[in-house]
Every structure is written in C-alpha cells, then in structure tokens.
Amino acid sequence: MGRPAKFGADQILDAAAALAAEGGHEAVTVTAIAARLGAPSGSIYHRYASRDLLLAHLWIRAVRRFQEGFLSAARVPDLAEAVRASAAHVVRWSAEHQDEARLLLAHNVAELRERWPDELGEELDRLNVDATAALRELAGRLPGDDALERVTFALVDVPVAAVRRHVLAGRTVPDSAVRLAEAAALAIVLESDL
C-alpha cells in the first residue's frame with residue numbers, strides 16, 4: 001500500500017491559481033507549484049500528468065465553484081428576485097474570488113479545448129449544461145422571442161462587464177457594482193418593450 005498523498009488536489013490547484021494571478025499562465029509551472037508548496041515536482045506529476053492537464057483542472061474547478069452559487073440564485077422562484085440574485089452572484093463571486101475570476105475571464109471553453117488534453121473533452125462539453133438550462137428556464141418565464149437573449153445578456157454579459165476591468169487589473173470590485181448589475185439586469189429582463 002502506498003503512502004497517502006501529502007498534498008491534495010485542492011492544495012495543488014490553489015497554488016497554481018495564486019501563481020496564475022501573480023504572473024499569468026506562463027508563471028504556472030510544475031516547478032513553481034512544487035516550490036510554493038514545498039513539495040517535490042514528482043508529487044505534482046503524480047496527480048497531474050502534464051501542466052496542461054493541471055491548468056485544465058484549475059479552470060474547470062473555478063467554473064464549477066462559480067456555477068454553484070449562480071445555479072442556486074437562478075432557481076429562486078420569484079423571477080425578479082432570481083434575476084437580482086443571479087446578477088449579484090456574478091459580481092460578488094468575482095470580487096471574492098479574484099484569482100479564479102481572472103482565470104475565467106481570460107479563457108473560454110472553445111479556446112481551451114484546442115490547448116488542453118483530449119481526455120477532458122467530454123467534461124468540457126458538460127461543463128455549462130446546467131447553467132445553460134438555468135438561463136433557458138428563466139427565459140421560459142418571459143414573453144417574447146428574444147427572452148433567452150435578454151436573460152443571457154442581463155445575467156452573463158452585464159455583470160461580467162461590471163467586474164471585468166477591475167478583476168483583470170487586480171483592483172477591488174467596487175461595492176456599487178452589485179447594485180448597478182442588479183438594476184441593469186432587472187431592467188433588461190423585465191422590460192418587455194426593449
């Protein structure tokens with residue numbers, strides 16, 4: 001029986017996220033992660049066969065962590081409250097998890113599929129299924145042929161725009177961003193004359 005791993009997947013991914021936040025993806029190397037953790041490089045390679053695989057898992061973990069709160073907010077029964085909570089979640093989560101938010105803002109699934117290992121293809125394909133379904137469900141509560149476009153614009157494009165410049169520059173997201181994202185999202189989704 002082998003020895004238990006001294007460093008878990010989350011510890012390794014946390015170190016990788018911190019390195020990416022400090023110096024971009026180029027700074028995320030197995031050697032740098034090992035040095036940050038005080039671990040031998042072999043420990044990292046034992047869990048992740050390549051740097052690309054490690055980065056892929058880091059990105060996927062960030063998406064999942066973000067989506068937990070977003071899906072919970074989108075399921076609120078009252079439509080206006082669901083819109084408000086979903087928009088606010090994007091801003092608050094990004095403000096509270098700037099390293100992960102920066103990682104998500106820097107890449108998208110299509111781009112990463114080209115760079116990352118083939119064994120993750122199916123996982124990447126399924127990654128946004130629940131979030132897409134939540135947006136469709138919210139849109140289904142609205143009249144109009146453009147309901148899905150309105151909901152997506154209101155709950156994805158608007159709150160992401162509210163945090164993008166702050167997160168990418170490493171600045172604190174202003175408290176007003178939540179209120180502004182909520183107000184904009186409500187106006188877009190609930191205003192049927194748009």
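General observations
- Each 5 Å bin from zero up to the one holding the largest Cα-Cα distance in the chain carries the following percent of pairs: 1, 8, 15, 17, 17, 14, 11, 8, 5, 3, 1, 0, 0, 0.
- Here 59, 93 are placed in order of increasing Cβ neighbour count within 10 Å, fewest first, which gives 93, 59.
- Residue exposure sequence - 86, 50 - by fewest surrounding Cβ within 10 Å: 50, 86
- DSSP H segments from the chain that extend 30 Å or more along their own axis, Cα-based, with Kyte-Doolittle mean of -0.5 or above: 51-74
- When you restrict to C-alpha pairs under 8 Å that are six or more residues apart and normalise by the size of segment 60-190, the relative contact order lands at 37 percent.
Values quoted throughout were computed directly from the atomic coordinates according to the rules given, and no laboratory measurement underlies them. These numbers were taken from a predicted model, which means no experiment stands behind them. All Cβ positions, glycine included, derive from the backbone under ideal geometry; neighbour counts span all protein chains shown.
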